[in-house]
1. Starting from residues that are of a type in the set (S, T, Y) and part of a loop (DSSP other than H, G, I, E, B), keep the ones in segment 207-240 and report whichever is nearest to the chain's Cα centre (by Cα).
2. All but one of (1) touching a strand residue (DSSP E or B) at 6+ places or on another chain (Cβ under 8 Å); (2) within 28 Å of S323 (Cβ to Cβ); (3) open to solvent by 30 Å² or more (accessible area, probe 1.4 Å) hold for P187; which doesn't?
3. Mind listing just one residue for me: the one in segment 250-270 that is open to solvent by less than 20 Å² (accessible area, probe 1.4 Å) and in a loop (DSSP other than H, G, I, E, B) and, of those, modelled with the highest pLDDT?
4. For segment 77-93: of the residues being outside any helix (DSSP H, G or I) and within 12 Å of A119 (Cβ to Cβ), which is least open to solvent (accessible area, probe 1.4 Å)?
5. For the structure I just gave you, tell me whether R128 is free of Cβ contacts under 8 Å to residues at least 40 places away in the same chain and not small (G, A, S).
6. Only residues that are in a helix (DSSP H, G or I) and more than 17 Å from T175 (Cβ to Cβ): list them for segment 313-328, please.
7. Is there any pair with a first residue in segment 72-95 that is of a type in the set (D, E) and a second that is part of a helix (DSSP H, G or I) whose Cβ atoms are under 7 Å apart and which are 6 or more apart or on different chains, and what are they?
Amino acid sequence: IEEAAPRGPRREASPSGGSQEAARTLNQLLTEMDGFTSDAGVVVMAATNRADVLDPALLRAGRFDRRVPIQMPNLSERENILKVHAKGKRLASSVNLGTLARQTTGFSGAELATLVNEAAIGAACGNRTLISQADVDAALEKMQIGLRRPSHANNRTRAYVAFHEAGHACASLLTGYDNVSKVTILPRSNGVGGFTSFANTAADEHGGLPTRERLLQELVVLLGGRVAEELRFGRSKVTVGASDDLQRVRKLAFEMVNKYGMAEDEFGLLLGAGRDMDYWNPVPDDVGRRAARYAERIVQRAYVRCRRLLRTNWRLVNAMADSLLEQETIGQEQVQMLLDNHRRSWWFWPQGGRTSVTIVPGMPAPALPAAPGAAAGLPRVGRLPPTGAAPPGAEPMVDVRPAPGPSMRLLGRARRFLARLLPWIDGAQ
């Protein structure tokens, strides 16, 4: 029995409630499955996504008394499912089903079958006898993001989208969040101006249970687009392109505090549990406000880290944005080549330098003044590149941190002196 929920819904308490048709169908099912007949060779199976709405009489012993939950397939199961649906279809040697299974985290078996069929349709539309990797990538993007549509954007819009996507990609690479498989500024039918897709290489490490560190990295990656726009065009000229990213940032930060108990020792582990549960007392308003302020501090900390990370490695962001403006789409090999070239350069600083921002629970998060004069008396500290490597039009930034020791100050002076003395060192390397 397919879709058992509409055929056996829960009966209403009111005599007149519900549909007569549904009631007759349910009564017939209950009668036929009463268990008093001797049809021992008959096995009745039903499938539904809403087992919670089934009538309790259907779930009693002798009827549907065995439940078999079907979870989404894991990595090896997705690869085997893809092999089953790829039978009878001619795949090019460049198509790697293992890599495709890694990129389709969360796909069901039906969605994987649709993916293979869409790739075959794309190859047939191009009058090709083999399904290439490009056909598979196009089918995956169509299912995840939407159809590609012609770009009518002007140069200004293309520059905004290029730096936005380059910020996401560079934040992911520099934090170690995940490898970048593709970056494009081509628009899609669902309104997306561009997108950055990841290889999901780290999904197997946490096995669907991300750690607090990984969630903080995800916040940095989500903020990378807005921060790149700020550094390139200024805070007063940012666009609304990061609206979806900011919504996801807000949701994730509140879930870390209210749902996952990741507020360290300030609130305990059971802060937000139970706003949807009857047996928990509701959270007091003052605790809710404190939780909101703590979630805001988590976001502020991720913002500070992302801004320092992109600013100290701005040459990588700028090179990736230039490649996007020239080619519109760059793959994993080109992204890795840009990263390798940047690592060999003078200006590579992993994790945004050797210093970090520490936020004490219960204390306000450090602010980022717009100008050095706004933070009078505070030392200007940080691994910032020289003026030539800073993003054009960027606003001055002061990192509010404890002053470094004498050795670190001496190292900073030596680095700035060498940067002024040898401007050709980057090109020479």
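1. Narrowing segment 207-240 to residues of a type in the set (S, T, Y): 211, 236, 239.
Cutting the leftovers down to part of a loop (DSSP other than H, G, I, E, B) gives us 211, 239.
Numbers: T211: 14, T239: 20 Å.
Among those that are of a type in the set (S, T, Y) and part of a loop (DSSP other than H, G, I, E, B), it is T211.
2. In the conditions (1) touching a strand residue (DSSP E or B) at 6+ places or on another chain (Cβ under 8 Å); (2) within 28 Å of S323 (Cβ to Cβ); (3) open to solvent by 30 Å² or more (accessible area, probe 1.4 Å), P187 misses (3) alone.
3. Looking at the filtered set, the residue picked out is G261.
4. From segment 77-93, those outside any helix (DSSP H, G or I) are 87-93; that's our starting set.
Then drop every residue that is not within 12 Å of A119 (Cβ to Cβ), which leaves 89-92.
On the way: K89: 63, R90: 150, L91: 59, A92: 22 Å².
Result: A92.
5. Numbers: free of Cβ contacts under 8 Å to residues at least 40 places away in the same chain: yes; not small (G, A, S): yes.
Spelling it out, R128 is indeed free of Cβ contacts under 8 Å to residues at least 40 places away in the same chain and not small (G, A, S).
6. First pass over segment 313-328, keeping only residues in a helix (DSSP H, G or I): 314-327.
Residues satisfying the conditions are R315, N318, A319, A321, D322, S323, L324, L325, E326, Q327.
7. Between residues of segment 72-95 that are of a type in the set (D, E) and residues that are part of a helix (DSSP H, G or I), the close pairs are E79/L97; E79/G98; E79/A101.
Residues checked against (1) touching a residue at least 40 places away in the same chain (Cβ under 8 Å); (2) under 31 Å from the mean Cα position of the chain (by Cα); (3) within 30 Å of P9 (Cβ to Cβ):
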site: P56; (1), (2), (3): yes, no, yes
site: D65; (1), (2), (3): no, no, yes
site: T104; (1), (2), (3): no, yes, no
site: G109; (1), (2), (3): no, yes, yes
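The values are calculated or read from the model by the stated rules, or taken from the named source; none is laboratory data. Keep in mind it's a predicted model, so treat the numbers as computed, not measured. For neighbour counting, all protein chains shown are included, and Cβ atoms are generated from backbone atoms with ideal geometry for every residue, glycine included. Just the protein is used for accessible areas: all its heavy atoms, side chains included, with ligands, DNA and RNA removed. Shrake-Rupley method; radii C 1.70, N 1.55, O 1.52, S 1.80 Å.
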